[in-house]
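The values are calculated or read from the model by the stated rules, or taken from the named source; none is laboratory data. Just so it is clear, the model here is predicted, and its values are computed rather than measured. Quick reminder, even Gly has a Cβ in these numbers, built from the backbone with ideal geometry, and neighbours come from all protein chains shown.
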Amino acid sequence: MLDTIPNNVNLADNPKLQRALLRWLPDFLDWWREVGPEGYQEDRIYLRTAVGLGAGDWAVYDYVKMPDYRWGIFLANPRKQDKIHFGDYIGRDLWDQVPGEHRKELRRLIVTQGDTEPASVEQQRLLGKTAPSLLDLRNLFQINVEEARHLWAMVYLLHSHFGADGRDEAEEMLERRSGHADHPRILQAFNKPIQDWLALYCFTTFTDRDGKYQLCSLAESAFDPLARTTQFMLMEEAFHMAVGETGIARVVRRTAELMKAGTDPQSVGAIPLQVIQKYVNEWSSASYDLFGGEDSSNAATYFAAGLKGRFNENDDKRYGNHLALDEAYSAKVFENGGWTTREIPLRRAMNACLLDAYMDDCGRVLERWNRVLEEYELAARLTLPSIRFNRKVGIFADQHYDIQGNPIDQQTYDAHAAQWLPTTADYELVQRSMIPVYEPGKVAAWIAPPTRGFGGKPLDFEYVQFH
Ligand SMILES: [Fe+2]
Ligand SMILES: [Fe+2]
């Protein structure tokens, strides 16, 4: 049993929970085989497997067939503080159990987070067929097994703390499908197809980074099992974001190298900078929406109840106090033909606060990508679209804004949309570049080689052994 589900949550002492999880396991494996990575289930992949926080490292590295990956359940070490540190219950003891009055909200938070994990595996399931290198292929599968483990992490919370309706929710996690017309995943960005590797790198840069900020806010939670579960997940999430950031940096490097040499990237199967920019615009703006409405009564409830804090809520230099009462968040919006400032009571603006922290982080990523262009002495730069661009959710959703955030009418938007967001022709261009390269140490023509290997192995290591 303990071999089946490695854990540091004393599963051995909880036979009821063991039975529930063992009943869920075959359904999970059916899901994995049906909509997990297509075509590589029998191959040996050099993978990192989380094994918990003990005397040694938190993970081990070895060849594994993906269906044999040991999806475990882990909590981070106990937090330094043992009191609730924000909201209405500030100063009281952390909760080991779900308080009845916040059960519904906690379940919704856990289900919403949990649903994104299998969704991303479904979105990425065909990408193995076009990986630009063996290391990238391995990285994709690493992300896939870890997202599936994150589903385990949330299902553990549902099974151990929410009784029969938690078990129902856990089953439904395996029933919804990314992009399905009748039974889609909960959040919109997780229903968008990730059709090529440029989209994967953008997704892991921008959408996994939204995940990081959501996990960080849950890692502040008064509900201790949730806080410590999400804290552990963040260790794995860092790698996913690194795959995205270094992936785009490598695409930019290859394109810059060709531009510098006076070669049209497209002529050699590489990707023009403008197309990279459009992908950045598409995936960053879709990820802004994941934060939810800037003015949100749910957000206020979550903060007041101590369920979800701000980014680094513990940082007293960052926040004057942790009550967030009698303060407002100012948001500039364009309505009825003019700019107005909306004063949102701070607790209702928690999504906006989290999105601001995320935007700063994304800004730093863009700076690092632009250093590659500087290195090649090119004048062109990549930019992060305005927080107001292309929004479907929140206070900027009712009005069109251009890429810099200036209000524009529908006609102007329509006239420029093809300059800002990928067109069918752009998707086709990228698709044509997606020629798989599976020889150890070799890499596709549209991307520069990685700068280092994984798990201490060299670049030309055989990261995937095909059966
Ligand atoms: Fe995840
Ligand atoms: Fe992730």
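So how many residues does segment 269-311 have that are part of a loop (DSSP other than H, G, I, E, B) and over 18 Å from the mean Cα position of the chain (by Cα)? First the steps, then the outcome.
Filtering segment 269-311 for residues part of a loop (DSSP other than H, G, I, E, B) gives 269-272, 290-296, 305-311.
From what is left, the residues that are over 18 Å from the mean Cα position of the chain (by Cα) are 269-272, 293-296, 305-307, 309.
Count: 12.
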message: It is to be established whether one or more residues within segment 54-64 are exposed (fewer than 15 other Cβ atoms within 10 Å of the Cβ), assigned to a helix (DSSP H, G or I) and not charged (D, E, K, R).
response: no
- request: Scan segment 15-40 residue by residue and report those that are surrounded by 15 or more Cβ atoms within 10 Å (Cβ to Cβ), at pLDDT below 95 and more than 17 Å from Glu171 (Cβ to Cβ).
  value: Gln18
- prompt: Which one of these does Arg432 not meet: (1) under 25 Å from Cys362 (Cβ atoms); (2) in a helix (DSSP H, G or I)?
  reply: (1)
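Could you check segment 429-444 and list, in sequence order, the residues that are among the hydroxyl-bearing types (Ser, Thr, Tyr) and over 26 Å from the mean Cα position of the chain (by Cα)?
Start the filter on segment 429-444 by keeping residues that are among the hydroxyl-bearing types (Ser, Thr, Tyr), which leaves 433, 438.
Result: Tyr438, single match.
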- request: Could you grab me the full set of residues in segment 229-238 that are surrounded by fewer than 21 Cβ atoms within 10 Å (Cβ to Cβ) and either over 16 Å from the mean Cα position of the chain (by Cα) or of a type in the set (A, V, I, L, M) (or both)?
  value: Leu234, Met235, Ala238
query: So which of Lys192, Lys129 is away from ligand 1 (no atom under 13 Å from the Cβ), farther than 28 Å from Gly52 by Cα and more than 17 Å from the chain's Cα centre (by Cα)?
result: Lys129
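Being surrounded by 23 or more Cβ atoms within 10 Å (Cβ to Cβ) and at negative phi is true for just one of Thr263, Thr301, Thr255, Thr246. Which residue is that? Even if it seems obvious, please write down each step before you answer.
Working: Thr263 fails: surrounded by 23 or more Cβ atoms within 10 Å (Cβ to Cβ); Thr301 fails: surrounded by 23 or more Cβ atoms within 10 Å (Cβ to Cβ); Thr246 fails: surrounded by 23 or more Cβ atoms within 10 Å (Cβ to Cβ).
Only one candidate passes the filter, namely Thr255.
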task: Would you mind finding the one in Ala189, Ala227, Ala222 that is touching a Ser or Thr at 6+ places or on another chain (Cβ under 8 Å) and within 30 Å of Pro78 (Cβ to Cβ)?
output: Ala227
field: Boolean, Arg92 is within 16 Å of ligand 2 (Cβ to nearest atom), on the phi < 0 side of the Ramachandran plot and out of contact with any helix residue (DSSP H, G or I) (no Cβ under 9 Å at 6 or more places or on another chain)
entry: no
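In segment 76-95, is there at least one residue being within 16 Å of ligand 1 (Cβ to nearest atom) and closer than 30 Å to His322 by Cβ?
So far as segment 76-95 goes, yes, one or more of its residues are within 16 Å of ligand 1 (Cβ to nearest atom) and closer than 30 Å to His322 by Cβ.
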